[in-house]
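Report on one structure; see the data block that follows.
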Amino acid sequence: MAQISEQNPENDPLEASAPPDSTAVSGDVSATEMPAGLPSPLPEINAGVPAHLRDLTDRARGYVEAASSANTRRAYASDWKHFTAWCRRQNLSPLPPDPEVVGLYITACASGIASGTRSGKPNSVSTIERRLAAIGWNCTQRGMTLDRKDRAIATVMAGIRNTHAAPPRQKEALLPEDLIAMLETLDRGTLRGLRDRAMLLIGFAGGLRRSEITGLDLGRDQTEDGRGWIEILDKGLLITLRGKTGWREVEVGRGSSDATCPVVAIETWIKFAKLAKGPLFRRVTGQGKNVGPDRLNDQEVARLVKRAALDAGVRGDLSEADREKLFGGHSLRAGLASSAEVDERYVQKQLGHASADMTRKYQRRRDRFRVNLTKAAGL
């Protein structure tokens, strides 16, 4: 192992700690000035309960926040702010929910004029569907109901799908040879290089989502915002994760060589970063000499994958702009599914998929042209 360098280029401006998970705000708001955050599902309850129960209402709000991921809460908060801002510009009230108002709003989104600027771009169908879900969620939290089956919404949404729907843009799967080339672009003599190697290898070998990578702790029950923890064993790494459907275990075996072994990469990072407790992947600070206490934002995984893929020349036949769009955090997850030559059920278990159909969507390059029906038909 190369000695850790005491010198490092200027701090990467993309390095950032995770933002606070909570975006909840008071439910006592006016319809004309809605907050960007999420509403309280228990509005005004503190005013009507004995003082000794108010701590329980605060804890209940915390449990409601824990029912959805931080990324979902941030997206819903942003979408709600977008909707209420549009309503204000049109002199319309966002509450109580009116299907005709919502229908006009999603029409504006599809037309590219919802943001109030002439140069606005039309939202994709998936973005509009998410905005619609966010409006419904926010209304529900305020004790109101948005009828999404109302024809003012459902018919308009069906027309938007028929007119603007496009095939989903999936991230390119990174195959083992791509990953190895990417690892070679990282400096093993720096703390940041060791950390990034560990993130790439564990993300690929574990088939992990980017939030699962950055959500890992060194041990059980060490942080409030952790999504899981690791255990280093003789035969590999055991990862316990909290997912959408409960807890699951992911086994990451040791590699065929130390250079590509995810377990060795994790052990090396822990050793040189001098980690004992708390988040596994953290900011590197002090001109690259120190490791801070803050957990990395999961966006850092996507940025790392993009940067390393570009530096390694992966898909060099394309322009740099096209290559930037191809790769992201899911490229690691799709890469494992596309390259692991094992029974499909093992891949499904590793990725935590409820159905084999979902797993097959990730096996993007493994099964392409495996069966040639043209030749099988005699041509």
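The values are calculated or read from the model by the stated rules, or taken from the named source; none is laboratory data. Not measured: the values here are computed from a predicted model. Glycine gets a Cβ as well: all are built from the backbone with ideal geometry, and neighbour counts include every protein chain shown. Note: areas computed on protein heavy atoms with side chains; ligands, DNA, RNA excluded. Shrake-Rupley method; radii C 1.70, N 1.55, O 1.52, S 1.80 Å.
Any idea which of 154, 158 is assigned to a helix (DSSP H, G or I), touching a Lys or Arg at 6+ places or on another chain (Cβ under 7 Å) and open to solvent by 30 Å² or more (accessible area, probe 1.4 Å)?
154
Would you point out the residue of segment 88-112, among those that are open to solvent by less than 10 Å² (accessible area, probe 1.4 Å) and assigned to a loop (DSSP other than H, G, I, E, B), that is farthest from residue 133 (Cα to Cα)?
So the residue we want is 112.
I need every pair where a residue in segment 169-182 that is outside any loop (DSSP other than H, G, I, E, B) has its Cβ under 8 Å from the Cβ of a residue that is hydrophobic (A, V, I, L, M, F, W, C) and open to solvent by 30 Å² or more (accessible area, probe 1.4 Å), sequence separation at least 6 or different chains.
Pairs found: 178/312; 181/312; 182/312.
Checking residue 167 against (1) open to solvent by 60 Å² or more (accessible area, probe 1.4 Å); (2) over 30 Å from residue 128 (Cα atoms), which single condition isn't satisfied?
Answer for residue 167: the failing condition is (2).
Looking at 323, 307, which is the one that is assigned to a helix (DSSP H, G or I), more than 18 Å from residue 227 (Cβ to Cβ) and at pLDDT 90 or above?
Answer to the check: 307.
Would you point out which residue out of 182, 199 is of a type outside the set (Val, Ile, Thr), over 18 Å from the mean Cα position of the chain (by Cα) and at pLDDT 90 or above?
182
So, in segment 284-307, exactly how many residues are over 18 Å from residue 209 (Cβ atoms) and either among the aliphatic types (A, V, I, L, M) or open to solvent by 30 Å² or more (accessible area, probe 1.4 Å) (or both)?
10
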